[in-house]
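One structure is given below, encoded as structure tokens.
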Amino acid sequence: MIEFWLSLPPLLQATLKGLAVIAVIFPLAGAGSMAERKVSAWIQGRPGPNRAAIPWLVKIPFLGRALQRLGLFQLLADGLKFFFKEDPVPGHVNKFYFFLAPAVALIPALTTVVAVPFGAWLDGDTVVPIGLANVDLGLLAIFAVSSLGVYALILAGWASNSKYPFLGGVRASAQFISYELSMTISVLPVFLWVNSPGMRGSLSLARVVEFQSLPGFWGGAWFIFTMPVCALIFLIALFAETNRQPFDMPESEADLVGGFHTEYGAFKWAIFFVAEYAHMIVGSGIFTLLFLGGWNPLPWVSLADFSALIGIAGNPLVVGVVSIVIFLLKVLFLIFFFMWVRWTVPRFRYDQVMVLGWQKLLPLSIANLFFYLVVIALLQERL
Amino acid sequence: MLDTLFTVFATFALLFALGAVLSPNAINAALCFLLCLVSVAGIFVLLEAYLLAVLLVLVYAGAVVALFLFIIMLLDLKQVSAWKFRGISALAGVVGAGLLVAGVLAVATRGQLDSLPAAMIPALGADLKAYAHALFTTYLLPVQVMGFLLLAAMLGVIVLSKKFIAQGEAPAASPALDSQPATQAAQK
């Protein structure tokens, strides 16, 4: 089977891999919207969506009812609704940018997946990461592409040509830039640690995971334990960058109706929605790789040890699938965490967002960077 | 293949650069500038200067143009009225354009660009370590001068945007509101 795969032309291989990843990301993003409704219901003590059903599927004993209770059919109903609903275009909008904005939202969110390694398999003793491309500039490339996502919000807000979307667009542009700085600075200690002096510099995310699966107490510790402040700043900035509550200033439905997507409906609105969840999935993936040990099952237990322990080390395909499952479980937990925070913490006021970004988070991340500069310079040789 | 891609990116870069200069709508101009930057990043990729391409997209396309749009939208510029050159501003324009042409000519005729071996150019722009090393050794002075220039620009923005109040007058409420975006722009 592996021989057959390797005999395919590289372009076809890349296309198939890309389609496979999209086939995972899209349903995950869709299921995210459903999960959000269920999680919010549980947190607020409601049952959530549990009525929608396909007539003959629900007749399957036990399973059909369980799926109905979980609201899985509601997901299907929502999806169909977005396809078949009338898609109104208000008369006062700038049509070109109005149609462009949802595409601009989705493209960067899906493009960033290219540079995210999401699993690994064992080739003898070496761990080979699985991903669409092993980009040497890893995280920098992801930051570069995802920073283009803000134009979707700005364009949507501006093209809508009415007051509330416009305010949403203005807020988006200011907020994204404010938190991008702290986000970039907060990951620098991780890469300082990973790139010890004398080595060839690399920002590859697979390398970061490799450093979290070394033997020994310090080698096996995930970076969330050794660099908790970095992880916290990155997580907060991630909330702001993915436009999630308590930072969802651009759409803030309490004071801006729907913010940048007020004038959007049906399918175009759904694309914004999918883009937000895709962004969240990729962001959670990056957090997992940087701070939660990537595809290593537990702190101090690397993938290689784990697969030797349960006796699958000889089978690269199974190891690959297990590593991807471990990685996805961590990502799903983080997405749950995103929702947990959303339905627990009230939204900030806009000035609070700005004060938090510029006056608290940025100085904290710079101080944190200097602290780790000194610590790494003093300690790295000895550990 | 590479030649075709270069032609495509170069054409896009020139067209969008023209669009950025000629478009009467400020938002259109800013977006043309954005696409121009992305095309130039594409040319960098063709030169195998991946780091430069990524940095260009991250810093300029991702952040600086977003700030431009923020300011344009904040001021709500619908149509930009043509700027009239007169007196000192015309002189400054001529001097600036002259310096730019002289600089480009100097680099093109006897600068270091063609004296570098062709194999070294991608290595500097492609690899993080080589780039940082060059930045902090060979080009340390230009980097420091640029940093100083940016500092001067930032102070200038603060001085221009903050309304200094003469002693004895009551402080006005507006300066804090006005100066915030401008100082953010400068900090960037």
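What follows draws every value from the coordinates through simple rules; no lab data is involved. Predicted, not measured: the structure shown is a model, and the values here were computed from it. Virtual Cβ from ideal backbone geometry, glycine too; neighbours counted across all protein chains shown.
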Quiz prompt | Under 15 Å from residue A:163, Cα to Cα: aspartates and glutamates that are on another chain or at least 8 residues apart | solution = A:251, A:253, A:255, A:263, B:76
Quiz item: Counting other Cβ atoms within 10 Å of each Cβ, which chymotrypsin sites (Phe, Trp or Tyr not before Pro) in region A:53-95 have at most 10 and sit in a DSSP loop?
Solution: A:56, A:62
Self-check item: Charge tally in the Cβ shell below 14 Å around residue B:47, where Lys, Arg are +1 and Asp, Glu are -1, residue B:47 excluded
Solution: -3
Exercise. Distance between Cα centroids, region A:47-63 to region B:5-36: provide it in whole Å.
Key: 54 Å
Quiz item: In terms of modelled amide H atoms, which long-range or inter-chain residues lie less than 5 Å from the amide H of residue A:130?
Solution: A:118, A:119, A:120, A:121
Quiz item: So what's the net charge close to residue A:236: Lys and Arg +1, Asp and Glu -1, counting the other residues with Cβ under 15 Å from its Cβ?
Solution: +1
Quiz item: Taking neighbour counts of Cβ atoms within 10 Å as a proxy for exposure, in what order, fewest first, do A:338, A:327, B:9 appear?
Solution: B:9, A:338, A:327
Quiz item: Which net charge results for the neighbourhood of residue A:348, defined as the other residues with beta-carbon distances under 13 angstrom from its beta-carbon, given Lys and Arg at +1 and Asp and Glu at -1?
Solution: +3
Exercise. Just check the protein assembly as shown against the gyration tensor rule for me: Cα atoms, a ≥ b ≥ c as the square roots of the eigenvalues, rounded for a/c under 1.5, and otherwise prolate or oblate depending on whether a/b exceeds b/c.
Key: oblate
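Which is the longest part of chain A that has none of the GluC sites (Glu not before Pro) sitting in a DSSP loop with at most 12 other Cβ atoms within 10 Å?
After excluding every exposed loop site, the longest remaining stretch is A:87-380.
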Self-check item: trypsin sites (Lys or Arg not before Pro) restricted to DSSP loop in region A:344-383 with at most 14 other C-beta within 10 Å
Solution: A:349, A:382
Practice problem: May I ask which of A:38/A:330; A:38/A:81; A:360/B:129 have a Cα-Cα span longer than 22 Å here? | Solution: A:360/B:129
